[in-house]
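Engineer: Structure in structure tokens, see below.
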Amino acid sequence: MKDASVNAATPAAFDVERIRDEFPVLNTTMRGKPLVYLDSAVSAQKPRRVIETLRNFYEKEYANIHRGVYELSERATARYEAARETARRFLNAASTREIVFVRGTTEAINLVAATHGRANLEKGDEILISAMEHHSNIVPWQLLCEERGLALRVAPIDDRGELIVEEFEKCLSPRTRIVALVHVSNALGTINPVRELTRQAHRCGAVVLLDGAQAAPHLPIDVRDLDCDFYAFSSHKVFGPTGVGVLYARESLLEALPPYQSGGEMIESVSFEKSTYRDIPERFEAGTPNIAGTIGLGAALDWMTELGHDAIATHEAELLAHATAALEAIPEVRLIGTARHKAGVLSFVLEGVHPHDAGTILDHEGIAVRVGHHCAQPVMERFGVPATIRASLSVYNTREDVDALVAGIAQVLRVFRG
Amino acid sequence: MSDLRSLYQELILDHGKSPRNFGKLADANRRASGNNPLCGDKLTLYLRVEDDVVRDVRFEGSGCAISTASASMLTQAIKGRTTQAVAALFDRFHALVTGGESTSGADAPELGKLEVFAGVREFPVRVKCATLVWHTLVHALEHDGGEVTTE
Ligand SMILES: Cc1ncc(COP(=O)(O)O)c(C=O)c1O
């Protein structure tokens, strides 16, 4: 994350109330109380800009893309391709040829496993992940390992929830072909030093995939600076529609990959003897894509860029500091994940109260948090808890939201501890 | 707050905190495990069944207050009952927590203290917590061994 002091250059334009006004759902009530939405790590709410973009598109510009000779289709195609350029800028990729639209982070990782993994890895090769991965960055590699007789290695984390860099280095070997790491952990909030880790992995000749599902909503991302080979994120976590996401892939690698799904849109010519495929990135976008969703994603990324990553990061860092202090002041709270570099995730357990019970009582207060294993069961195991309560912060959250959470926790403790 | 109090009644909180018949049963002849992966509830139920009667029952595991209290109170409710009566009791309990109709006849055992779980029906996502141990029980009686999961 950039130093908070850079914010001095971008004056106090950040007005959280103005931002909240752009999110219609934040003005609703739940169970008769104002909604306190602290679950943006699962999925972010949508600003009016995105909602209006979808509506406009369906009302005025909808057609399938890359097909019609008529104007409406040309317009839809132009909007879709403009979203590709927006995504390129968002990631600072060198070319739109490196931007593949997929269903989300999960599909992006599966695509890389199914194409790059199958084409390049052979028996005895190794894939390295970390102990804080989301299930979607574990299971596709596990399946590939079973299929190809590969070994899956796991770099350990410490009690704060930080990756142990020296151990990571020891896990690398000349047999390591793929390193797949989460940029920001959804269960712990840890921001991994992915630039440095990528450098080390490259020294061993491995390619690097970064799971940016939780990083994209919070941090500026520069794939050229990170020097990663693949980067994945989901639209719905960056204030865009569901059902779409982005896979960035280094051009030279993407060009060499075999097709993933096949059918219409990805072919150049088809005969019963042999088909030829389109150039990248279309080669990886078989069938009619999520056109409206992709255009909506473009609107969401534009919205974030206008807001400014520094302003987002500064607001969230302040909120995280406030929330961390407030939770640490409650004796029954044990925070899970206390990394020195953290994004806005507060995972915790309450002494004597199962997370599921806490979640029900918080819900009753109109507070939406996630309880469970957060699709990171190995992390739960590492910290010896069956589940945690997780409050996640976003750009539209306020100190009042955090204070409501603290009051909600007091309520939970009153019910359970009398 | 009122439906919350009806969910977390004193009796449920008490059994959640200090479960009865907790631990292994050395001479068990039936057992099964239940798992609710969504919230991490896990329990194992041990039974000694003789002449079609539940002579003894204990459980162990960890879970939320609702699932723990449900397991604890189940052990008290079924001890000494025939497997047929146990099945009828489950039917009534299921109807209680889902707000459905019980199909068991008038001779089915009364729910008694188990009525305290009536508040669960206002919390659809918690129904699985209350019924996990009952599904596990059915599995233990019918198959002995193995695991049931809510998903
Ligand atoms: C770190 C991380 N990776 C991957 C995913 C999967 O994203 P999606 O469900 O959008 O494919 C998530 C979503 O929870 C996540 O938090």
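The values are calculated or read from the model by the stated rules, or taken from the named source; none is laboratory data. Everything numeric here is computed off the predicted structure, so don't read it as measured data. Note that each Cβ is placed from the backbone with ideal geometry, even for glycine, and that neighbours are counted across all protein chains shown. For accessibility, only protein heavy atoms count, side chains too; no ligands or nucleic acids. Shrake-Rupley method; radii C 1.70, N 1.55, O 1.52, S 1.80 Å.
Engineer: List every residue pair whose Cβ atoms lie under 8 Å apart, where the two residues are 6 or more positions apart in sequence or sit on different chains, the first residue falls within the range B:109-135 and is in contact (Cβ under 8 Å) with a residue 24 or more places away in the chain, and the second residue, located anywhere, is acidic (D, E).
Structural biologist: The qualifying pairs are B:G119/B:D3; B:E122/B:D3; B:F123/B:D3; B:C129/B:D41; B:L132/B:D41.
Engineer: On to the next question. Among the residues of the range A:315-333, is there at least one that is crowded, with 17+ Cβ neighbours inside 10 Å and part of a strand (DSSP E or B)?
Structural biologist: yes
Engineer: How about the range A:343-418: which strands (runs of 3 or more DSSP E) wholly inside it have at least 2 residues that are in contact (Cβ under 8 Å) with a residue 60 or more places away in the chain? Let's see the steps before the verdict.
Structural biologist: Details: elements: A:345-350, A:370-372, A:388-392.
Filter on the range A:343-418 gives A:345-350, A:388-392.
Engineer: Moving on. Which of the residues spanning the range A:121-144 are more than 16 Å from the ligand (Cβ to nearest atom) and either under 20 Å from A:D229 (Cα atoms) or not assigned by TED's automatic domain parsing to the domain that holds A:V184 (or both)?
Structural biologist: A:L121, A:E122, A:D125, A:E126, A:I127, A:L128, A:L144
Engineer: Restrict the check to the range B:16-28 and report whether at least one residue is outside any loop (DSSP other than H, G, I, E, B), of a type in the set (S, T, N, Q) and surrounded by fewer than 17 Cβ atoms within 10 Å (Cβ to Cβ).
Structural biologist: We begin by selecting, within the range B:16-28, every residue outside any loop (DSSP other than H, G, I, E, B); these are B:16-17, B:22.
If we keep only those that are of a type in the set (S, T, N, Q) too, we end up with none.
Taking every residue of the range B:16-28 in turn, none turns out to be outside any loop (DSSP other than H, G, I, E, B), of a type in the set (S, T, N, Q) and surrounded by fewer than 17 Cβ atoms within 10 Å (Cβ to Cβ).
Yes/no per residue for (1) within 16 Å of the ligand (Cβ to nearest atom); (2) outside any loop (DSSP other than H, G, I, E, B); (3) not small (G, A, S):
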site: A:L210; (1), (2), (3): yes, yes, yes
site: A:Q214; (1), (2), (3): yes, no, yes
site: A:I221; (1), (2), (3): yes, no, yes
site: A:L253; (1), (2), (3): no, yes, yes
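Engineer: Please verify whether A:T288 is assigned to a loop (DSSP other than H, G, I, E, B), away from the ligand (no atom under 16 Å from the Cβ) and polar (S, T, N, Q), treating the condition exactly as stated.
Structural biologist: Considered against the rule, which asks whether it is assigned to a loop (DSSP other than H, G, I, E, B), away from the ligand (no atom under 16 Å from the Cβ) and polar (S, T, N, Q), A:T288 comes out as yes.
Engineer: Among the residues of the range B:75-104, what is the count of those that are of a type in the set (G, A, S) and either within 14 Å of chain A (Cβ to nearest Cβ) or under 11 Å from the mean Cα position of the chain (by Cα) (or both)?
Structural biologist: If we filter the range B:75-104 for residues that are of a type in the set (G, A, S), which is where we start, we get B:77, B:80, B:85, B:87-88, B:95, B:99-100, B:102, B:104.
Okay, now just the ones that are also either within 14 Å of chain A (Cβ to nearest Cβ) or under 11 Å from the mean Cα position of the chain (by Cα) (or both), so B:77.
Count: 1.
Engineer: So, in the range A:362-379, exactly how many residues are within 16 Å of the ligand (Cβ to nearest atom) and open to solvent by 10 Å² or more (accessible area, probe 1.4 Å)?
Structural biologist: If we filter the range A:362-379 for residues that are within 16 Å of the ligand (Cβ to nearest atom), which is where we start, we get A:368-379.
With the extra rule that they be open to solvent by 10 Å² or more (accessible area, probe 1.4 Å), the set shrinks to A:368-371, A:373, A:375, A:377-378.
Going through the range A:362-379 one residue at a time, the tally reaches 8.
Engineer: Suppose we filter A:G352, A:G287, A:G359, A:G308 for residues that are surrounded by fewer than 18 Cβ atoms within 10 Å (Cβ to Cβ) and within 14 Å of chain B (Cβ to nearest Cβ); which single one remains?
Structural biologist: Working: A:G287 fails: within 14 Å of chain B (Cβ to nearest Cβ); A:G359 fails: surrounded by fewer than 18 Cβ atoms within 10 Å (Cβ to Cβ); A:G308 fails: within 14 Å of chain B (Cβ to nearest Cβ).
The match here is A:G352.
Engineer: Consider A:V412 against the criteria (1) within 12 Å of another protein chain (Cβ to nearest Cβ); (2) at pLDDT below 95: it satisfies all of them except one. Which criterion is unmet?
Structural biologist: (2)
Engineer: Another question about this same structure. Test B:S72 against the stated conditions and say whether it is open to solvent by less than 10 Å² (accessible area, probe 1.4 Å), under 14 Å from the mean Cα position of the chain (by Cα) and at the interface with chain A (Cβ under 9 Å from one of its Cβ atoms). It would help to see each step written out before you state the result.
Structural biologist: Details: open to solvent by less than 10 Å² (accessible area, probe 1.4 Å): yes; under 14 Å from the mean Cα position of the chain (by Cα): yes; at the interface with chain A (Cβ under 9 Å from one of its Cβ atoms): no.
In short, no.
Engineer: Then there is this: I'm told B:R31 meets every condition in (1) touching a Gly at 6+ places or on another chain (Cβ under 7 Å); (2) within 14 Å of chain A (Cβ to nearest Cβ); (3) within 19 Å of B:G146 (Cβ to Cβ) except one. Can you identify the failing condition by its number?
Structural biologist: Condition (2) is where B:R31 drops out.
Engineer: Going by the conditions given, is A:A41 hydrophobic (A, V, I, L, M, F, W, C), within 16 Å of the ligand (Cβ to nearest atom) and in a loop (DSSP other than H, G, I, E, B)?
Structural biologist: On the way: hydrophobic (A, V, I, L, M, F, W, C): yes; within 16 Å of the ligand (Cβ to nearest atom): yes; in a loop (DSSP other than H, G, I, E, B): yes.
Yes, satisfied.
Engineer: Mind checking whether some residue in the range A:174-186 is in a helix (DSSP H, G or I), more than 14 Å from chain B (Cβ to nearest Cβ), more than 16 Å from the ligand (Cβ to nearest atom) and open to solvent by 10 Å² or more (accessible area, probe 1.4 Å)?
Structural biologist: Here is the first cut: in the range A:174-186, the ones in a helix (DSSP H, G or I) are none.
No: zero hits.
Engineer: Would you check which residues across the range A:261-280 are open to solvent by 60 Å² or more (accessible area, probe 1.4 Å) and either of a type in the set (F, W, Y) or under 30 Å from the mean Cα position of the chain (by Cα) (or both) and list them?
Structural biologist: A:Q261, A:S262, A:F272, A:Y277, A:R278, A:D279
Engineer: Okay, next question. In the range A:105-120, which residues are away from the ligand (no atom under 16 Å from the Cβ) and open to solvent by 30 Å² or more (accessible area, probe 1.4 Å)?
Structural biologist: A:R118, A:A119, A:N120
Engineer: Among the candidates B:L4, B:L13, single out the residue that is open to solvent by less than 60 Å² (accessible area, probe 1.4 Å), within 14 Å of another protein chain (Cβ to nearest Cβ) and free of Cβ contacts under 8 Å to residues at least 24 places away in the same chain.
Structural biologist: Numbers: B:L13 fails: free of Cβ contacts under 8 Å to residues at least 24 places away in the same chain.
After ruling out the rest, the residue left standing is B:L4.
Engineer: Keeping to the range A:242-251, report how many residues are away from the ligand (no atom under 16 Å from the Cβ) and open to solvent by 40 Å² or more (accessible area, probe 1.4 Å).
Structural biologist: Residues of the range A:242-251 away from the ligand (no atom under 16 Å from the Cβ): A:249-251.
Of the ones still in play, those that are also open to solvent by 40 Å² or more (accessible area, probe 1.4 Å) are A:250-251.
Selection size over the range A:242-251: 2.
Engineer: While we're on this one: Of the residues that make up the range A:389-403, is at least one of a type in the set (F, W, Y), within 14 Å of chain B (Cβ to nearest Cβ) and surrounded by fewer than 24 Cβ atoms within 10 Å (Cβ to Cβ)? So that I can check it myself, show each step before the final result.
Structural biologist: Filtering the range A:389-403 for residues of a type in the set (F, W, Y) gives A:396.
Applying the additional criterion that residues be within 14 Å of chain B (Cβ to nearest Cβ) yields none.
For the range A:389-403, residues of a type in the set (F, W, Y), within 14 Å of chain B (Cβ to nearest Cβ) and surrounded by fewer than 24 Cβ atoms within 10 Å (Cβ to Cβ): absent.
Engineer: Is the range A:121-138 home to any residue that is assigned to a helix (DSSP H, G or I) and open to solvent by 60 Å² or more (accessible area, probe 1.4 Å)?
Structural biologist: So far as the range A:121-138 goes, no, none of its residues is assigned to a helix (DSSP H, G or I) and open to solvent by 60 Å² or more (accessible area, probe 1.4 Å).
Engineer: Against the conditions (1) within 14 Å of another protein chain (Cβ to nearest Cβ); (2) more than 16 Å from B:C129 (Cβ to Cβ), where does B:K42 fall short? Just the number, please.
Structural biologist: (2)
Engineer: Let me ask something else. With the structure loaded, tell me whether A:V194 is closer than 26 Å to A:L257 by Cα, within 16 Å of the ligand (Cβ to nearest atom) and touching a strand residue (DSSP E or B) at 6+ places or on another chain (Cβ under 9 Å) or whether it fails that test. If you could, list the steps in order and put the result at the bottom.
Structural biologist: Details: closer than 26 Å to A:L257 by Cα: yes; within 16 Å of the ligand (Cβ to nearest atom): yes; touching a strand residue (DSSP E or B) at 6+ places or on another chain (Cβ under 9 Å): yes.
Here the answer is yes, as A:V194 does meet what is asked.
Engineer: If I ask for residues that are touching a residue at least 60 places away in the same chain (Cβ under 8 Å) and among the acidic types (D, E), which ones from the range A:224-281 would you list?
Structural biologist: Once the filter is applied, which keeps residues that are touching a residue at least 60 places away in the same chain (Cβ under 8 Å) and among the acidic types (D, E), the range A:224-281 yields A:D225, A:E251, A:E265, A:D279.
Engineer: Go through (1) within 16 Å of the ligand (Cβ to nearest atom); (2) loosely packed, with under 15 Cβ neighbours inside 10 Å one by one and return the number of the condition A:L72 breaks.
Structural biologist: Of the numbered conditions (1) within 16 Å of the ligand (Cβ to nearest atom); (2) loosely packed, with under 15 Cβ neighbours inside 10 Å, the odd one out for A:L72 is (1).
Engineer: Now a separate question. Name the pairs whose Cβ atoms lie under 9 Å apart, with the first residue in the range A:144-160 and farther than 21 Å from A:E381 by Cα and touching a residue at least 60 places away in the same chain (Cβ under 8 Å), the second assigned to a loop (DSSP other than H, G, I, E, B) and not acidic (D, E), and 6 or more positions between them or separate chains?
Structural biologist: Correct list of pairs: empty, since none qualify.
Engineer: Taking A:F239 and the conditions (1) open to solvent by 30 Å² or more (accessible area, probe 1.4 Å); (2) on the phi > 0 side of the Ramachandran plot, which numbered condition does it fall short on, given that it satisfies the others?
Structural biologist: (1)
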